[in-house]
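Down below is the structure, laid out as structure tokens.
A short reminder: the numbers here are calculations on the coordinates, not readings from a lab. In this text, all values refer to a predicted model and were calculated from it rather than measured experimentally. All Cβ positions, glycine included, derive from the backbone under ideal geometry; neighbour counts span all protein chains shown.
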Amino acid sequence: MKINSYIAFFRTLADPTKFRIIEALRNREETVSGLQDELRLEQTRLSHSLRGLKEYGFVTSRREGKQQVYALQKDMAPLLRLMDAHVKRYYTHAKACGCVRGCGCIGKCMCRKETKDGNVRA
């Protein structure tokens, strides 16, 4: 049971849409319409992602008039800072040893700019 909780937690962080929402809420609260404008996401996709983030304790929400306002869960900030430090250390090391690709990805291209033959699309 514990391993499934970890898997769900890290899958949530690994989802690009959910991670973009987390980044947008990192330093401020935002309404659904504000997030929709900033992230240019369809309302249904955004709502689905916010529901998942709330379910796993990444975000909280409160009603303000007719609007739902979302914020990052308070205990997420230290975790994100720790992750930032780890990624920066890992990226710095990978760049120094030449493992960083032209698109900025380490190892397998995650930004999908890289073609199957290893080249980077413009």
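Mind listing the long-range amide H neighbours of residue 31? Cut-off is under 5 Å, sequence gap 5 or more, other chains count too, H placed in the peptide plane at 1.01 Å from N.
70
³J(HN,Hα) across segment 18-27 via Karplus (A = 6.51, B = -1.76, C = 1.60, θ = phi - 60°), whole Hz, x for Gly/Pro?
Per residue, the Karplus-derived 3J(HN,Hα) values read 5, 5, 4, 5, 4, 4, 5, 8, 4, 10 Hz.
Over segment 2-72, what portion of Cα pair distances is larger than 21 Å, expressed as a whole percent?
Percentage above 21 Å: 20.
Search the structure for amide H atoms under 5 Å from the amide H of residue 59, placed 1.01 Å from N in the peptide plane, and list their residues when 5 or more places away or on another chain.
54, 73
Students often get this wrong, so check it: of 66/88; 2/74; 54/95; 74/95, which have C-alpha atoms separated by over 29 Å?
66/88; 54/95; 74/95
Quick one: which of 5-14, 45-54, 22-31 comes out on top by average Cβ neighbours within 10 Å, and what's the full order, highest first?
With the highest mean Cβ count within 10 Å placed first, the list reads 45-54, 22-31, 5-14.
Please give, to one decimal in nm, the separation of the simple spin-label points placed at residue 26 and residue 56, each 7 Å out from Cα toward the Cβ.
For the pair residue 26/residue 56, the computed spacing is 1.8 nm.
Pull up the cross-link candidates among the aspartates and glutamates for residue 18, meaning alpha carbon to alpha carbon under 16 Å and not fewer than 8 places away within one chain.
Straight-distance partners of residue 18: 29, 30, 37, 38, 42, 55.
Considering amide H positions built from the backbone, and no H for Pro or chain starts, which residues 5 or more places from residue 25, or on another chain, come under 5 Å of its amide H?
So residue 25 has HN proximity to no qualifying residue.
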